[in-house]
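*Asks:* Sharing a structure here in structure tokens format.
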Amino acid sequence: MANLPHFVQYQGSKRNSAKYILQVLPNKINRLVEPFAGTAAISIAIAANQISRDFWLNDLNQPLIELLELVIEKPNQIADFYSDIWNEQHSNSIEHYFEVRTRFNKTKDPKLFLYLLARCVKGSVRYNSEGLFNQSPDKRRKGTRPETMRKNLEGVSNLLKGKCRFTHLDYREVLDQVQNRDLVYLDPPYQGVCGHRDSRYLAGISFDDLVLAIEQLNQNGIAFAISYDGKLGNKTFGKVLPSSLKLKRIEIELGRSSQATLLGREETTVESLYLSPNLSRSLTSYEMKQLSYIGSQTKQLTLF
């Protein structure tokens with residue numbers, strides 16, 4: 001799973017937890033729906049494992065979903081553009097980055113967005129209160145080299161080309177349109193981190209609205225999984241979803257935080273995954289028991 005292609009190291013991506021998430025999903029899915037697709041880490045993993053050949057990728061961030069569509073459907077076009085803009089930066093790379101950022105904020109051109117994502121600090125997207133991208137460049141590096149980027153773009157495209165629907169809708173509009181044979185994977189912003197608005201996102205997600213949307217999915221018998229709250233050491237991010245939803249909660253241990261390690265702290269990153277009632281019922285009692293451990297020694301998944 002670690003060798004799967006990803007075109008940017010997008011902060012918040014589920015590329016590191018995908019292998020654990022896939023363990024609790026069906027081995028065949030009619031269509032995977034991602035209302036908060038980001039860079040589609042779960043869809044990439046599911047396509048690579050031949051679990052589904054039909055995907056609905058949605059994100060309210062229009063330049064991001066337009067970039068994702070270019071990556072998947074026209075990888076050579078976006079690779080050529082990236083190569084040109086990457087090679088323009090060598091006289092003064094910092095000034096060049098800010099020029100590209102200004103152009104992007106004026107035009108919302110998704111091709112410019114790829115360069116910004118590849119070059120910004122820690123692949124960490126940030127927006128100001130006016131919805132303008134305001135993350136700074138990583139001064140230690142100049143972004144992914146064009147030849148590596150092209151390889152990654154082609155890898156993603158090979159897995160998903162011709163299999164996806166792309167939209168930039170409010171997640172509730174997507175959930176209103178899902179069908180009984182779909183499986184929905186939701187990865188909304190952490191409510192506990194962002195309060196009303198997470199700077200990684202153009203708009204905040206109301207906890208109460210999310211709970212209402214989940215209740216509706218339950219009533220409609222839709223299978224779904226949600227990544228929502230988590231922990232870093234003793235610090236908790238996000239409110240636990242209410243027990244009235246009757247979801248099965250799994251804690252996924254992802255290992256020591258690299259940032260905490262650099263600061264001399266031993267802190268483990270833990271993410272919560274919630275399974276819908278019909279999805280958790282599809283697992284046998286043996287499978288549910290085995291979810292407590294991955295491998296023979298290290299505890300990775302804990303059920304609640």
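*Asks:* With a point put 7 Å past each Cα toward its Cβ, work out how far N76 is from E267 in nm, to one decimal.
*Replies:* Each label point is offset 7 Å from its Cα along the Cβ direction, giving 4.6 nm.
*Asks:* Between R181 and S83, take the C-beta separation as r, use R0 = 45 Å, and let me know the FRET efficiency to the nearest 0.05.
*Replies:* Values: r = 41 Å, r/R0 = 0.91.
The pair R181/S83 has a calculated efficiency of 0.65.
*Asks:* Give me the dipole magnitude in Debye, nearest 20, for the stretch 1-228 about the Cα centre, with unit charges on the beta carbon: positive for Lys and Arg, negative for Asp and Glu. Don't skip to the end; give the middle numbers.
*Replies:* Values: 29 positive and 25 negative charges, 170 e Å.
In total the dipole reaches around 820 debye.
*Asks:* Under a Cβ-Cβ cut-off of 12 Å, what is the net charge of the residues other than K111 that fall near it, where Lys and Arg count +1 and Asp and Glu count -1?
*Replies:* Working: positive: K74, R103, K108; negative: E66, E69, D80, D84, D109.
Surrounding charge for K111 is -2.
*Asks:* Past 28 Å, Cα to Cα, is the threshold; run K74/K106; K161/K235; K19/K248; K19/K239; K111/K161 against it and keep the listed order. Please report the intermediate quantities before stating the final value.
*Replies:* Values: K74/K106 23 Å; K161/K235 40 Å; K19/K248 18 Å; K19/K239 24 Å; K111/K161 18 Å.
The pairs that break the limit, which is 28 Å between Cα atoms, are K161/K235.
*Asks:* Enumerate the aspartates and glutamates that K231 could reach by cross-link, defined here as Cα to Cα under 19 Å, with residues fewer than 8 away along the same chain left out.
*Replies:* D187, D198, E251, E253, E266, E267, E271
*Asks:* If I model a spin label as a point 7 Å beyond the Cα along the Cα-Cβ vector, how far apart are those points for S93 and S244 in nm?
*Replies:* Label-label distance for S93 and S244, simple model: 5.3 nm.
*Asks:* While we're here: K28: which aspartates and glutamates have alpha carbons under 15 Å from its alpha carbon, excluding same-chain residues fewer than 8 sequence positions away?
*Replies:* List returned: D54, D182.
*Asks:* Now for a separate question. If Lys and Arg each add +1 and Asp and Glu each add -1, what is the summed charge of the other residues whose beta carbon sits under 14 Å from the beta carbon of K28? All intermediate terms of the calculation are to be shown ahead of the outcome.
*Replies:* Values: positive: R31, R53, R181; negative: D54, D182.
Net of charged neighbours comes to +1.
*Asks:* Turning to a different aspect of this structure: Can you work out the FRET efficiency for the pair N30 and S124, with r the C-beta to C-beta distance and R0 = 41 Å, to the nearest 0.05?
*Replies:* On the way: r = 34 Å, r/R0 = 0.84.
The calculated FRET efficiency here is 0.75.
Computed from the coordinates by the stated procedures, all read-outs in this text should not be read as laboratory data. Treat the numbers as computed from the prediction; the structure is a model and nothing was measured. Cβ: placed from backbone, ideal geometry, glycine included. Neighbour counts: every protein chain shown.
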